Number of protein chains: 2
Amino acid sequence: MTRDPGLASWLQLTLTPGLGAAGLRAMLRQFGLPQAILQRKRSELAAFASAEALEALDSPQVGHAVARSLEWAAVPGHVIVTLAEETYPRALLEIPDPPALLYAAGRIELLSRAAFAIVGSRNASVQGERNAESFAKALSDAGLCIVSGLALGIDAAAHRGGLAGASSTIAVLGTGIDVVYPRGNAALAAEIASRGLVLSEFAPGTAPAAHNFPRRNRLISGLAQGCLVVEAALASGSLITARSAAEQGREVFAVPGSIHSPLTKGCHALIKSGAKLVESAEDILAELVGFRPSGLASTVAAPIEPPLTGLLGHMGHDPVDVDALCSRAGLSAEQVSSELLRLELAGRVTSLPGGLYQRLEKGDRR
Amino acid sequence: MTRDPGLASWLQLTLTPGLGAAGLRAMLRQFGLPQAILQRKRSELAAFASAEALEALDSPQVGHAVARSLEWAAVPGHVIVTLAEETYPRALLEIPDPPALLYAAGRIELLSRAAFAIVGSRNASVQGERNAESFAKALSDAGLCIVSGLALGIDAAAHRGGLAGASSTIAVLGTGIDVVYPRGNAALAAEIASRGLVLSEFAPGTAPAAHNFPRRNRLISGLAQGCLVVEAALASGSLITARSAAEQGREVFAVPGSIHSPLTKGCHALIKSGAKLVESAEDILAELVGFRPSGLASTVAAPIEPPLTGLLGHMGHDPVDVDALCSRAGLSAEQVSSELLRLELAGRVTSLPGGLYQRLEKGDRR
């Protein structure tokens, strides 16, 4: 893989504390690529950064951080993707605050795939995890790479389902890309780095910090065409991801459940405020404008009508009289009449003028 | 109760086979009340009814049927309400095909109450029945008389909840008002006739017939300001009631549930096509335009935030430093720092510049 010769400059600017992404984007617009920015006199940059940030820019600390990131990127399978590169995910260019660079470990080509986010509670139910995994596998098989946040519970299940399907998975971290958090997902993280893609905007070594997780969530939704919330409490990070998806113009989907479970309250709140209720992967695929599923191998079985048994099986859709039924079914008039009465009381058959009977379709009766 | 002197004429016209409700309404518009219609030459009525119907009009069979209905109406607590009477429910005058008369047994004054329909599967789950009963009681307590169809399962539970609340219940039958169907609800029917109201548009003695149930469903929804479906399969009578509610301009509500239960598929289909997802009686009351609840004694408990324990309980909503926390909590700096780290990793606390810490509200974190 060809390395951007200016990578050290990108790193120097993004790793300087106090030099925000907005300021960096403004400098990029004003002066061009990072190498050009850094060739400017520091006084010329004063309009875009604080005095402290400009002082830190050339400090040994930032130099060390740059060296550490370059060292990380020298490992095979590790890539740092900058805003200026072709491989930078197009979907992120649409969001208001795309990160200047992304640390990526694994199959970098997944960044160009159509993607779909699945998120939810860390304290998920067993059924919730199964649902997440099942939706993820079906959507992955249909051509969507599954994006989630490598949290316990729903996130982990979504990643597993994505890996099991044809289009793999992307885990977006709220920590440095080399920090495995939570520890319980270490094996899953390693598998995703090998068969999927692990992604972070935070410098290597960045420890878990609460304020980084909501920031990370905007990337989960931003990378995706839509976002499914499988289980979520009323006040939960999954709802932050869903809100950020809606703000980014992504379709939001939610799985309903019992009105007595705290883990469905977040999903129900989303549906009440306009998210689509979904029962199957097909429900999602039908809503994704411009996405053509590559294969519709659904894991959700279509509802099966029970076969018609007994007299009903002989009735067809048109009115019929008792004599005809006797000959079709090989029964006596007595037997047919008594069975017709039973079916009529059960609401499966209706009597018509002239001694005719008609089968009622399930949609026609109460 | 004053009896309409023309009741026998109303009965004669409605009990004549082949003389439809639309034809009767046209004659009422043309000639005035039933007594006036019957004084017309039969040839003058030919534009409104078939020759067979006109012949049947003065037949002994119709005479017997009229006598039977009058006999039924002579029993205390039994009333026949015609379109022309004040007590005829106003809500039914809004629907396209109001019945010319209603047989009513019980508390006739319930016909003037604000009403709400709750329907659902006959083969309901235990939880579904509990939900129906709980919604019904809460809405009944809020001033809405609960309308349903006296079927097994959800309907029966809705009636029980309505009776348990302050505003009682109305059972609308698909049979003659003196025919108890299904038998399993005989005791409930008797209790509704005593403490609520039983209603039917069918002549006494009318046996269960499948085609009468969808007709009956339009009255359930027509009497009500809105209709809640608690559990329903995809092809079910409850969806007919919901459709008829929507056609009559009534708001439709549905209770969500597991995506793996066949009994939620009907509810989910309704929500997908625009019905409101509801988790509590309050969700419904908030949507009923023009209805002012008489008392908000909800059976659905508000979600309770767990109390903040340990260090979080000492943090308030503003940034605080370790020293202040030590003195507030009576802990050593060592203890406070280690607990803050734990809380930070758990996403409950965030660190700010200057050695400050801030509690994260549940909505702010993932």
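Of note:
- Lone unmet requirement of (1) out of contact with any Gly (no Cβ under 7 Å at 6 or more places or on another chain); (2) touching a residue at least 24 places away in the same chain (Cβ under 8 Å) for residue A:126: (2)
- The residue that is nearest to residue B:12 (Cα to Cα), counting only those in the stretch B:35-59 that are in a helix (DSSP H, G or I) and of a type in the set (Asp, Glu), is B:55.
- Conditions (1) part of a loop (DSSP other than H, G, I, E, B); (2) touching a helix residue (DSSP H, G or I) at 6+ places or on another chain (Cβ under 8 Å); (3) more than 11 Å from chain A (Cβ to nearest Cβ); (4) modelled with pLDDT under 95: number failed by residue B:258: (3)
- Scanning the stretch A:270-284 for residues that are within 23 Å of residue A:137 (Cα to Cα) and not in a helix (DSSP H, G or I) yields A:275, A:276, A:277, A:278, A:279, A:280.
- For the stretch B:204-238, a tally of residues being touching a Cys at 6+ places or on another chain (Cβ under 9 Å) and part of a helix (DSSP H, G or I) returns 4.
- None of B:161, B:174 is over 15 Å from the mean Cα position of the chain (by Cα), within 29 Å of residue B:262 (Cβ to Cβ) and open to solvent by less than 10 Å² (accessible area, probe 1.4 Å) except B:174.
- Filter result for residue A:89 (closer than 18 Å to residue A:25 by Cβ and modelled with pLDDT under 95): no
- When the test is whether a residue is assigned to a helix (DSSP H, G or I) and at pLDDT 95 or above, residue A:28 does not pass it.
- Only listed residue being within 21 Å of residue A:237 (Cβ to Cβ), surrounded by 24 or more Cβ atoms within 10 Å (Cβ to Cβ), more than 14 Å from chain B (Cβ to nearest Cβ) and out of contact with any Pro (no Cβ under 6 Å at 6 or more places or on another chain), chosen from A:132, A:151, A:115: A:115
- Scanning the stretch B:214-230 for residues that are of a type outside the set (A, V, I, L, M) and modelled with pLDDT of 95 or more turns up B:216, B:217, B:218, B:221, B:222, B:225, B:226, B:227.
- Residue within the stretch A:209-230 that is within 18 Å of residue B:279 (Cβ to Cβ) and out of contact with any Phe, Trp or Tyr (no Cβ under 6 Å at 6 or more places or on another chain) present: yes
- Reported count of residues in the stretch B:204-255, each being closer than 23 Å to residue B:289 by Cβ and open to solvent by 10 Å² or more (accessible area, probe 1.4 Å), is 12.
- Residues (within 14 Å of chain B (Cβ to nearest Cβ) and in a helix (DSSP H, G or I)) located in the stretch A:159-184: A:183, A:184
- Looking only at the stretch A:185-203, and only at residues there that are part of a helix (DSSP H, G or I) and among the charged types (D, E, K, R), the one that is most open to solvent (accessible area, probe 1.4 Å): A:195
- Considering the stretch A:312-347, the residues that are modelled with pLDDT of 75 or more and in a loop (DSSP other than H, G, I, E, B) include one that is surrounded by the most Cβ atoms within 10 Å (Cβ to Cβ), namely A:315.
- Failed criterion for residue A:248 (all others in (1) touching a Gly at 6+ places or on another chain (Cβ under 6 Å); (2) under 30 Å from residue A:176 (Cβ atoms); (3) at the interface with chain B (Cβ under 10 Å from one of its Cβ atoms) hold): (3)
- Verdict on residue B:35 being under 29 Å from residue B:77 (Cβ atoms), in contact with a Ser or Thr (Cβ under 6 Å, 6 or more places away or on another chain) and open to solvent by 40 Å² or more (accessible area, probe 1.4 Å): yes
- Check on residue A:263, out of contact with any Gly (no Cβ under 9 Å at 6 or more places or on another chain), within 14 Å of chain B (Cβ to nearest Cβ) and either open to solvent by less than 60 Å² (accessible area, probe 1.4 Å) or not in a loop (DSSP other than H, G, I, E, B) (or both): no
The values are calculated or read from the model by the stated rules, or taken from the named source; none is laboratory data. Keep in mind that what you see is a predicted model, and the values were worked out from it rather than measured. Cβ sites come from the backbone with ideal geometry, for glycine too, and all protein chains shown count toward neighbours. Accessible surface areas use protein heavy atoms only, side chains included; no ligands, DNA or RNA. Shrake-Rupley method; radii C 1.70, N 1.55, O 1.52, S 1.80 Å.
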